[in-house]
1. For residues that are under 15 Å from the mean Cα position of the chain (by Cα) and polar (S, T, N, Q), scanning just the range A:5-44, find the one that is most open to solvent (accessible area, probe 1.4 Å).
2. With (1) within 14 Å of chain A (Cβ to nearest Cβ); (2) touching a residue at least 24 places away in the same chain (Cβ under 8 Å); (3) more than 27 Å from B:G40 (Cβ to Cβ) as the list, and B:Y99 as the residue in question, which single condition is left unmet?
3. Conditions first: (1) more than 10 Å from chain A (Cβ to nearest Cβ); (2) farther than 19 Å from B:V54 by Cα. B:V104 passes all but one, so which condition is the exception?
4. Which is at pLDDT below 95, outside any helix (DSSP H, G or I) and of a type in the set (G, A, S), of B:G35, B:G19?
5. Hey, can you tell me all the residues within the range B:109-138 that are open to solvent by less than 10 Å² (accessible area, probe 1.4 Å), within 12 Å of chain A (Cβ to nearest Cβ), more than 8 Å from the chain's Cα centre (by Cα) and more than 21 Å from B:Y99 (Cα to Cα)?
6. In this structure, is A:V2 modelled with pLDDT of 95 or more, more than 10 Å from chain B (Cβ to nearest Cβ) and open to solvent by less than 100 Å² (accessible area, probe 1.4 Å)?
7. Specify which of the listed residues (B:L125, B:L75) is part of a helix (DSSP H, G or I) and modelled with pLDDT of 95 or more.
8. In the range B:75-84, is there at least one residue being under 16 Å from B:D102 (Cβ atoms) and either in contact (Cβ under 8 Å) with a residue 40 or more places away in the chain or within 14 Å of another protein chain (Cβ to nearest Cβ) (or both)?
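The values are calculated or read from the model by the stated rules, or taken from the named source; none is laboratory data. Keep in mind the model is a prediction, meaning the values are calculated, not measured. Neighbour counts are summed over all protein chains in view; Cβ atoms, including those assigned to glycine, are modelled from backbone coordinates with ideal geometry. Heads up: the accessible areas ignore ligands, DNA and RNA and are worked out on the full protein's heavy atoms, side chains in. Shrake-Rupley method; radii C 1.70, N 1.55, O 1.52, S 1.80 Å.
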Amino acid sequence: MVLFSFLVSTFFAALWRRTFRDQVVLFFQLFLGMVLGGLVIAWLMYPFPAGPPAPIP
Amino acid sequence: MTDESEPQAAQEREPEPRGNPMLAAVAAWLVPGAGHMILGRWRRGLLFLVLVGVSLAVGLALDGKLWHITRGQPLSYLGTFACAGLGIPYFVLRFAMHYQGDLVSQGYEYGAAFILTGGLMNLLLILDAWDIARGLKE
């Protein structure tokens, strides 16, 4: 999740911003948003049972 | 409107092309980052090449799924479109190496997410290269 967030954040920071400062700001916004958001969603899903594994087709 | 401001306004309306948009788009599709490189954005092109390449490499290391069209599964069309956004690497993996991923691997779905993301990132790069070539973007 951290590696995925790093790659995607770097990509969009380079794609959407031109100055280095703006790129760094957007990178941290996206990166922290994805990592912390993922942890929050995982915490919210904790009470729900995982269920049996999906059958292999 | 004065005579002096008229050419300036026309210049603002019509962006100046910086290259061949079709060539840039095709190059960007075939090789990630190549569209930016042929437009003179070497550093950004190399960065995009590395990012898409790492995403694909991680997906392959996890034995992730490489989507292909499956009859009766409409979602496979979208997945294939996203993966085919990788350009040459997709076709090499699909048709030369017959790569499909390892279904029983623990990283099968995670790897698929990385491969799909690499393809989708490259599709955005195609649009970006097109806009830069047309002068709509820096």
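1. Restricting to residues being under 15 Å from the mean Cα position of the chain (by Cα) and polar (S, T, N, Q), the top hit is A:Q29.
2. (1)
3. With respect to (1) more than 10 Å from chain A (Cβ to nearest Cβ); (2) farther than 19 Å from B:V54 by Cα, B:V104 is out only on (1).
4. B:G19
5. B:D128, B:A129, B:I132
6. In short, no.
7. Result of the check over B:L125, B:L75: B:L125.
8. The answer is no, given that none of the residues of the range B:75-84 is under 16 Å from B:D102 (Cβ atoms) and either in contact (Cβ under 8 Å) with a residue 40 or more places away in the chain or within 14 Å of another protein chain (Cβ to nearest Cβ) (or both).
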